[in-house]
Amino acid sequence: MKLSNYILATDVLDDVSLDNKRIIFSTRTATSILVEESIYTNLNAGKFEAISPEMRSVLEEKEFIVPEEQDEFEYIMAVNSKVKEEGTFLSMTIQPSANCQLGCHYCGQTHSKHYASDAVIDKYYERIVYLLSQKSYDGIAITWYGGEPLTGYSSIKKTSARLIRLAEERGIRYTADMITNGLSLKPALFKELVEDCRVMNYQITLDGTAESHDQRRITKTGDATFDIIFKNIKDVTDLPEFKEKGCGISIRVNIDKTNYQYVEPLIDYVNEHRLQGKVSMYFATIVDFGGNDAGKASLGKDFFAEKEIEWLLKCYEYNIAVNVMPKRTYSVCMAEKQDSEVYDAFGNIYACWEFPYSETYGQGDSLIGNLFFPHETYNTNATLRNWNEMLTSGQTWCKTCKHLPICGGGCPKSWFEGTPACPPFKSNYKDRLLLDYFIQKKKEESRLAVS
Ligand code: SF4
Ligand code: SF4
């Protein structure tokens, strides 16, 4: 047996009263363990016999220690392929509207008042029926994206009714989520989306408190939107259906040099409005979108990672749900999955949801094809579909990176544009491991207090 290459570790944790201990983390299984320094030393020295049999068996089971002859990269890639092949959900992204009410400076889309017509909806349906016939699936998962998807609500309603019926006829599951600006998400519409379209999870963006959000996420006519969106979030999360149906809202905060100061006040604001237990928060760095150079204003990776830890800690203190630790990632995103497609309102098919309505990526090699043309004409090698080759050939840093099993390579589009896609976790994993340790400890303490 040998020590895995895919291990991360904190420093010794004397500063937080975990004397002579550190947390080790296997990215192969996304497992962290608090260990005595002596175990860590023996592990690194390959002196596995000096570790107790119980601990050794845990370390083997969680793949900190792996077979001597194993090529770990090959093994990880083989497991990824197997999991992908066995994937049982047909996952699609549908962008039924080319329109959006907002005019965010970092958006790379060109909007027009065009919505998926009945003829386009027929084609969405036919293509999904065709893909379902190619493999055995347990379910259909739809992500609604835009433009602003709710500007194409009538198309969403019609498509959902047909796909839900299709799933019922086939005896398979149907799930849906939506990425929306939240401007039209009033309670009455929300109820319809949940009841009729089975959209249970929503991602809504707030770029800080009103002071910064309203400088950025304004309507095309320049009007402020923060108060309307925030009220919508409050109103829908107050609906009994929200809890009964297990709905969720993730508040995404797009961050760059010009608004990072407003993230903390936003977390305070979410807390003041007692939204914990109803929403989660997610912090994202602004990147180029459709080749628009928006990433120029982004914060340095290390600085972002430092600030992110402060934000995560603040959320933890307020009991606002955040994702602290990454999971094992078998597939980086839809771009590399041949059976995951993005459809726009014109019937165009892409591999990445940032491609539709973008001048840079809307046509040419990025276009797989159009639903109105026979599938024999589709380009199966469209931009980003070759992510696996990019990764295995060593064109990115991922092949030799310890984070690969949990990261998968970040975002293929970023690498394609020449920008390393490493997530902040790569810079702040030591702090995150510790934060996760305290979160788990707190959970365990409250569980014991209840029982
Ligand atoms: S390539 Fe990047 S932007 Fe495109 S779908 Fe994947 S993660 Fe998203
Ligand atoms: S994107 Fe960065 S962190 Fe992720 S696997 Fe590639 S090199 Fe590692």
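Just so it is clear, none of the values below were taken in a lab; they were calculated from the coordinates. In this text the structure is predicted, and so the values were computed from the model without any measurement. Using ideal geometry, Cβ is built from the backbone for each residue, glycine included, and neighbour counts are taken over all protein chains shown.
Before moving on, here are some points about what is shown:
- Cross-link partners for Lys442 among the aspartates and glutamates, with Cα-Cα distance under 14 Å and sequence neighbours closer than 8 places in the same chain left out: Glu317.
- With K and R counted +1 and D and E -1, the other residues having a Cβ less than 14 Å from that of Thr258 yield a net charge of +1.
- Summing charges over all other residues whose Cβ lies under 14 Å from the Cβ of Asn379, with Lys and Arg as +1 and Asp and Glu as -1, gives -2.
- Of the peptides 20-31, 301-312, the ranking by mean beta-carbon count within 10 Å, highest at the top, reads 20-31, 301-312.
- Mean projection of the Cα convex hull over all viewing directions, computed for the chain: 23.2 nm².
- Separation of the Gln134 and His273 label points, Cα + 7 Å toward Cβ, nm: 4.2
- Local electrostatic count, Asn388, Cβ distance below 14 Å [Lys/Arg +1, Asp/Glu -1]: +1
- Cross-link reach list, lysines versus Lys231, counting only Cα pairs under 21 Å and skipping chain neighbours closer than eight places: Lys186, Lys191, Lys220, Lys243, Lys245, Lys278
- Between the listed residues Ala45, Ile218, Asn381, the Cα displaced farthest toward the positive end of the dipole of the chain, a dipole computed from Cβ unit charges relative to the Cα centre, is found at Ile218.
- Take every Cα pair under 8 Å whose residues are at least 6 apart in sequence, average their separation, divide by the length of region 1-68, and the relative contact order is 37 percent.
- Exceeding the 26 Å Cα-Cα cut-off - candidates Lys337/Lys402; Lys307/Lys441; Lys84/Lys430; Lys257/Lys430: Lys84/Lys430
- Calculated FRET efficiency for the pair Lys327/Phe373, C-beta based, R₀ 45 Å, to 0.05: 0.75
- Intensity falloff of region 1-68 expressed as log10 I(q)/I(0), Debye formula with alpha-carbon point scatterers, at q = 0.25 Å⁻¹: -1.14
- Charge dipole (Cα centre; +1 on Lys/Arg Cβ, -1 on Asp/Glu Cβ; no other charges) of the chain amounts to roughly 700 debye.
- Length-normalised contact order of region 224-379 in % [C-alpha pairs under 8 Å, at least 6 apart]: 16
- Taking the Cα centre of region 1-65 as origin and assigning +1 to Lys and Arg Cβ atoms and -1 to Asp and Glu Cβ atoms, the resulting dipole is close to 300 debye.
- Packing here is the average count of other Cβ atoms within 10 Å per residue, and on that basis the peptides 140-149, 434-443, highest first, run 140-149, 434-443.
- Over the chain: helical MRE at 222 nm, DSSP H runs n ≥ 4 each giving -39500 (n - 2.57), nearest 500: -11500 deg cm²/dmol
- For region 105-138, the residues whose amide N sits under 13 Å from a probe point set 7 Å from the Cα of Lys220 along the beta carbon direction are 109-115.
- Calculated FRET efficiency for the pair Val83/Ser17, C-beta based, R₀ 41 Å, to 0.05: 0.55
- For Glu195 and Lys443, the FRET efficiency from 1/(1 + (r/R0)^6), where r spans their Cβ atoms and R0 equals 25 Å, is about 0.15.
- Remark: relative contact order (the chain) = 16 percent; criterion is Cα-Cα distance under 8 angstrom and separation of 6 or more residues.
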